[in-house]
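Asker: Below: one structure in structure tokens.
The values are calculated or read from the model by the stated rules, or taken from the named source; none is laboratory data. Everything numeric in this text was worked out from a predicted model, so none of it was measured. When we count neighbours, we look across all protein chains shown, and the Cβ atoms used for this are built from the backbone with ideal geometry, even at glycine. In case anyone asks, the SASA skips ligands and DNA or RNA and just uses the protein heavy atoms, side chains included. Shrake-Rupley method; radii C 1.70, N 1.55, O 1.52, S 1.80 Å.
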Amino acid sequence: MKITSVKGMHDVGPPEISSWHRIEKVARSIFENAHFYELRTPPLEEEILFTRGIGNTTDIIEKEMYAFEDRKGRKLALRPEGTASIVRSFIEHYAATQQYERFYYIGPMFRYERPQKGRYRQFYQIGAEVFGAKHPFVDAEVIALAHEIFKTLGLKKVALHLNSLGCKVCRPDYRKALLEFLNELQSKLCEDCQKRILKNPLRVLDCKNASCTQHTQGAPAMFEHLCKDCVDHFEGVQQALRKFSIPYEVNPRMVRGLDYYERTAFEFLSGDLGAQNAVAGGGRYDDLVKDLGGPSVPGIGFAIGLERLVSLLALQESPSSERPKIFLAALGSAAQSWALTCMAQLRKTGFVTFSNFESHSLKHLLKHADKHKADYALIIGDNELQSGKIQIKDMKSQTQKEVPLDSVLAYFESLFPHKER
Ligand code: AMP
């Protein structure tokens, strides 16, 4: 019997893992410069955290949760997104003092969706959440962080779509106007949308069915129904985005798939992703902390989909940032013993160094070096030990150089200044 990974779930390993590391490094540094702390929450939570937080009528809760009972009958779920868990942890550990209010996370999320390109059942998100800030500039600051991550990674062709979803005051009025419009159309919409009209009419605007999109072209827009406070907030966000010189497009159809958002909602979209075109999404959730049993503290955040970001960066063929690799080809036990010490020294100085002590043929050793993409092979046997000189082979140019045994480290140090290691 062949045991494979679960449908829709993937191993992440070489060669693309280096792109994951690069993204994580860039994101961490940008978050930490903005005074964010990493928060690692368990992937398993009480199911009620998500049913109450995300909203019972969303696709995530209705169809996509990995929910089950443990051996003691506790209702648990694998997290389908990061925000609810971070809010739970904030309430549990930090809300009382509010000494820590800005968090970021990196980790796997789980949704039982139909797998397709860019849509998986386990996928990684890098996200950030800010608590305790109402000011619209903070919305723009958070958007700017995602923008900065993309810019630093050299990602091209992502468009920021922005909308305001209103608040408790003005959304009921909008909902009423939207329902009037949708009720007229009901029979022309897809089966899912007919159900959405009853349960969550805003989600009709988000339907990917071409016919639904066409029929709802003339739907009323939320921003025509915003209350004065929401209008001012939306204007403040846009003003700050202009200050940051971040281009954006107001998209009245962008409603997001989670119920907790109010006021600012945004997505970063790419034309290179096919049907699953969002690489990141986020928004403001001023009532979520309270709804989950915490104090009345506003929040805003976003999450970037790592698989989608990796695939976009791969399309751009960014230059390889791999460090030089050195292989030690040692023949005979005395040379192997010398190689062991040399390997430790090179590694300590920051060079990626490896060897193979199994083979006793130079041909095999060089083949091994080639297969594992070494940039240099250090060839050492009894003759080299006696003469006190080692052969350094440049695997790309296939040229060879003789270097004294005690100068190997100095040779590579002069070849690669510290930052390249
Ligand atoms: P959401 O939590 O739905 O707002 O998603 C935030 C980001 O996570 C999206 O913009 C995607 O990049 C990514 N994402 C969401 N669902 C999936 C999935 N099933 N597979 C891969 N990436 C996903």
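Asker: Rounded to the nearest 500 deg cm²/dmol, what is the calculated helix-only ellipticity per residue at 222 nm for the chain, with -39500 (n - 2.57) per DSSP H run of length n ≥ 4?
Answerer: Using -39500 (n - 2.57) per qualifying helix, the result is -10500 deg cm²/dmol.
Asker: Still on this model: Give the ranking of K290, K373 by solvent-accessible surface, highest area first, calculated with a 1.4 Å probe.
Answerer: K373, K290
Asker: Could you tell me the center-to-center distance, by alpha carbons, between the range 297-317 and the range 255-282 in angstrom?
Answerer: After rounding, the separation between the Cα centres reads 10 Å.
Asker: For the chain, what % of the accessible area comes from carbon and sulfur atoms, probe 1.4 Å?
Answerer: Carbon and sulfur together cover 51 percent of it.
Asker: Further, regarding this structure: With the radius of gyration and the Kirkwood radius both derived from the Cα set of the range 125-169, what is their ratio Rg to Rh?
Answerer: 1.02
Asker: Relative contact order for the range 288-397: what is it in percent, counting Cα pairs under 8 Å that are at least 6 residues apart?
Answerer: 26 percent
Asker: Also, quick follow-up: Can you grab the distance from the C-alpha centre of the range 326-341 to the C-alpha centre of the range 344-403, Å, no decimals?
Answerer: 8 Å
Asker: Of all DSSP beta bridges located in the range 325-405, what percent are antiparallel, nearest 5?
Answerer: 55 percent
Asker: Taking only Cα atoms of the chain, what ratio of Rg to Rh do you get with Rh as the Kirkwood inverse-distance radius?
Answerer: Details: Rg = 27.4 Å, Rh = 24.8 Å.
Across the chain, the Cα-based Rg/Rh ratio is 1.10.
Asker: Out of all DSSP beta bridges with both ends in the chain, state the antiparallel percent to the nearest 5.
Answerer: Percentage antiparallel, nearest 5: 80.
Asker: With 16 Å as the cut-off, how large is the P(r) tail for the range 313-421, expressed as percent of Cα-Cα pairs? Don't jump to the answer; show the numbers that get you there.
Answerer: Details: 3397 of 5886 pairs.
Here the tail beyond 16 Å accounts for 58 percent of pairs.
Asker: Also, quick follow-up: How much area per residue is accessible in the chain when the probe is 1.4 Å and only protein heavy atoms are counted (Å²)? The partial results should precede the final answer.
Answerer: Numbers: 21600 Å² over 421 residues.
Heavy-atom accessible area per residue stands at 51 Å².
Asker: Can you give me the angle between helix 333-348 and the longest principal axis of the chain, using Cα atoms only, in degrees from 0 to 90, rounded to the nearest 10?
Answerer: It is inclined by approximately 40 degrees.
Asker: Then there's this: What's log10 of I(q)/I(0) for the range 333-384 at q = 0.23 Å⁻¹, Debye sum over Cα points only, no solvent?
Answerer: So the normalised log intensities are -0.95.
Asker: Give the peptides 223-234, 153-164 in descending order of average Cβ contacts within 10 Å, highest first.
Answerer: Working: 223-234: 16.7, 153-164: 18.8.
Descending packing order for the listed peptides: 153-164, 223-234.
Asker: For the range 111-210, state what percent of all Cα-Cα pairs lands in each successive 10 Å bin, counting from 0 Å until the bin that includes the largest distance.
Answerer: All Cα pairs, binned at 10 Å, distribute as 11, 27, 33, 26, 3 percent.
Asker: Send over the Kirkwood Rh of the range 217-356, from the inverse of the averaged 1/r over different Cα pairs, rounded to one decimal Å.
Answerer: Numbers: mean 1/r = 0.0493 Å⁻¹.
Evaluated over the range 217-356, this radius sits at 20.3 Å.
Asker: Sticking with this one: Which ³J(HN,Hα) values in Hz, rounded to whole numbers, follow from the phi angles of the range 97-111 under the Karplus curve 6.51 cos²θ - 1.76 cosθ + 1.60, where θ = phi - 60° and Gly and Pro get x?
Answerer: Rounded to whole hertz, the list is 9, 6, 6, 10, 10, 10, 10, 10, 9, 9, x, x, 10, 10, 9.
Asker: Rounded to a whole number of µm²/s, how large is the Stokes-Einstein D of the range 6-123 at 4 °C and 1.567 mPa s, given Rh as the Kirkwood radius over C-alpha pairs?
Answerer: In µm²/s, the coefficient rounds to 81.
Asker: If you average the sequence gap of Cα pairs under 8 Å that are 6 or more apart and divide by the length of the chain, what percent do you get for the contact order?
Answerer: Relative contact order here is 15 percent.
Asker: Give me the Kirkwood hydrodynamic radius of the range 368-417, using the inverse of the mean 1/r over all pairs of distinct Cα atoms, in Å to one decimal.
Answerer: 11.5 Å
Asker: Can you work out the Karplus-derived ³J(HN,Hα) for every residue in the range 232-242? Use 6.51 cos²θ - 1.76 cosθ + 1.60 with θ = phi - 60°, whole Hz, and x for glycine or proline.
Answerer: Going residue by residue, I get 4, 5, 4, 5, x, 4, 5, 4, 5, 5, 5 Hz, with x marking Gly and Pro.
Asker: Please report, in Å, the Rg and the Dmax of the range 179-246, where both are computed over Cα atoms only.
Answerer: 15.5, 45
Asker: Here's something else I'd like to know. Which aspartates and glutamates have a Cα lying under 18 Å from the Cα of K75, excluding residues fewer than 8 positions away in the same chain?
Answerer: The reachable aspartates and glutamates, counting only those whose Cα sits under 18 Å from K75, are E45, E46, E47, E62, E64.
Asker: Enter the angle in degrees (range 0 to 90, nearest 10) between the Cα long axis of helix 362-371 and the first principal axis of the Cα atoms of the chain, meaning the one along which they spread out most.
Answerer: The answer is roughly 20 degrees.
Asker: List every residue whose amide H lies under 5 Å from the amide H of M65, counting only residues 5 or more places away in sequence or on a different chain, with H placed 1.01 Å from N in the peptide plane.
Answerer: Y112
Asker: Could you please tell me the mean projected area of the C-alpha convex hull for the range 278-377, averaged over all directions and given in square nanometres to one decimal?
Answerer: 11.8 nm²
Asker: What whole-number distance in Å separates the alpha-carbon centres of the range 171-199 and the range 9-87?
Answerer: Between the Cα centre of the range 171-199 and that of the range 9-87, the gap is 31 Å.
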